[in-house]
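Worksheet: one structure, shown below.
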Amino acid sequence: MTQHASDPARQIVDARRREMAIEHLLFGTLRFLGERHPELLDSLDASLDHLWDKGPEGERDDEAVREVARRFVGSLRVER
């Protein structure tokens, strides 16, 4: 059975793959920049209060999104 681009299951798989690829590239870029400019990580930490969840009403959890970002920045600090 072949799946077409309009198939919802295929769209979910494609979105997951894009998310994984983007996260890998972004993390690598931030790691590269953070090693050369440690103040970047401080700036990112300071900006997290402005981060919010753009999900549908009733599913939004701004603090959960911020916690993911904090762990992301924290893992960059550990790698330095």
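Just so you know, all these numbers are worked out from the coordinates, no wet-lab data involved. Treat the numbers as computed from the prediction; the structure is a model and nothing was measured. Virtual Cβ from ideal backbone geometry, glycine too; neighbours counted across all protein chains shown.
For q = 0.16, 0.17, 0.24 Å⁻¹, what log10 I(q)/I(0) does the range 8-79 give under the Debye formula with an equal point scatterer on each alpha carbon and no solvent?
-0.70, -0.77, -1.12
Per the helix-only calculation at 222 nm, which mean residue ellipticity applies to the chain, given -39500 (n - 2.57) for every DSSP H run of n ≥ 4 and division by its residues, nearest 500 deg cm²/dmol?
Computed mean residue ellipticity for the chain: -24000 deg cm²/dmol.
For labels at residue 32 and residue 64 in the simple 7 Å Cα→Cβ model, what's the distance in nm?
3.3
Within the chain, what's the longest run with no GluC sites (Glu not before Pro) in a DSSP loop and at most 13 other beta-carbon atoms within 10 Å? Give the range, please.
Result for the longest clean stretch: 1-56.
With +1 on each Lys and Arg Cβ and -1 on each Asp and Glu Cβ, how big is the dipole of the chain about its Cα centre, in debye rounded to the nearest 20?
420
Taking the Cα atoms only, what angle lies between the long axis of helix 62-79 and the longest principal axis of the chain, rounded to 10 degrees?
Compared with the principal axis, the helix lies near 60 degrees.
Quick check: the angle from helix 8-36's long axis to the longest principal axis of the chain, C-alpha only, nearest 10 degrees?
On a 0 to 90 degree scale, this one is about 10.
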